[in-house]
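Student: Take a look at this one; I'll ask things after.
Bear in mind that the values in this text are calculations on the coordinates, not laboratory data. If you're wondering where the values come from, they're calculated on a predicted model, not measured in any experiment. FYI the Cβ positions are ideal-geometry reconstructions off the backbone, even for glycines, and counts take in every protein chain you see.
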Amino acid sequence: APAQRRGRVPTSRWLVRAGVVMPLLPLAANTFGWIFAEMGRQPWIVYGEMLTRDGVSRTVSLSEVLTSFTAFTLIYAILAIIEVRLLIRYAKAGLPDLAPVAEPAPETDDEERPLAFAY
């Protein structure tokens, strides 16, 4: 909305490039957050506070690990495909037609003005 002030369509190259990258940032933030959280467990083993065998969960079987890994991989792949398809669809559709902006009528009485701010 701020980029379309006064009925103008933004023409700045940096704004257009940022608009292309912005939809991908939530996916990247989610993925990198998960990766960094999991990597945060490793220093205990790396610096000798724990042995590698102590870092392994004994209550989780190999089949449970493979099932959850496969399920999460499929979910992420499906969501990535949906996101890319939506991005392509909306990019091909282009910008919507903008209605002309009407000039505001001059204010005559304060009582007729809509409330703009209250607390």
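Student: Can you work out the Karplus-derived ³J(HN,Hα) for every residue in segment 59-74? Use 6.51 cos²θ - 1.76 cosθ + 1.60 with θ = phi - 60°, whole Hz, and x for glycine or proline.
Tutor: Per-residue couplings from phi come out as 8, 9, 7, 4, 5, 5, 5, 5, 5, 5, 5, 5, 4, 5, 5, 5 Hz.
Student: Would you mind calculating the gained length between Leu74 and Ala118 on full extension (0.36 nm times residue separation, minus the Cα-Cα distance), in nm to one decimal? Numbers along the way, then the final one.
Tutor: Details: separation 44, 0.36 × 44 = 15.84 nm, distance 4.84 nm.
So the chain would gain 11.0 nm between Leu74 and Ala118.
Student: Shape call for segment 14-65 from the C-alpha gyration tensor, a ≥ b ≥ c root eigenvalues: rounded (a/c under 1.5), prolate (a/b greater than b/c) or oblate? Don't skip to the answer; put the middle values down first.
Tutor: Values: a/c = 7.21, a/b = 2.35, b/c = 3.07.
Since a/c reaches 1.5 but b/c is at least a/b, the shape of segment 14-65 is classed as oblate.
Student: For labels at Glu103 and Glu83 in the simple 7 Å Cα→Cβ model, what's the distance in nm?
Tutor: Taking the two extended label points, one gets 4.6 nm.
Student: Something else about it: Roughly speaking, what is the stretch gain from Glu49 to Ala37, that is 0.36 nm per residue apart minus the C-alpha to C-alpha distance, in nm to one decimal? Spell out each step's value before the answer.
Tutor: Values: separation 12, 0.36 × 12 = 4.32 nm, distance 1.83 nm.
Between Glu49 and Ala37, full extension yields 2.5 nm more.
Student: Once label points are set 7 Å from the Cα along Cα→Cβ at both Leu15 and Val56, what is their separation, rounded to one decimal in nm?
Tutor: 5.7 nm
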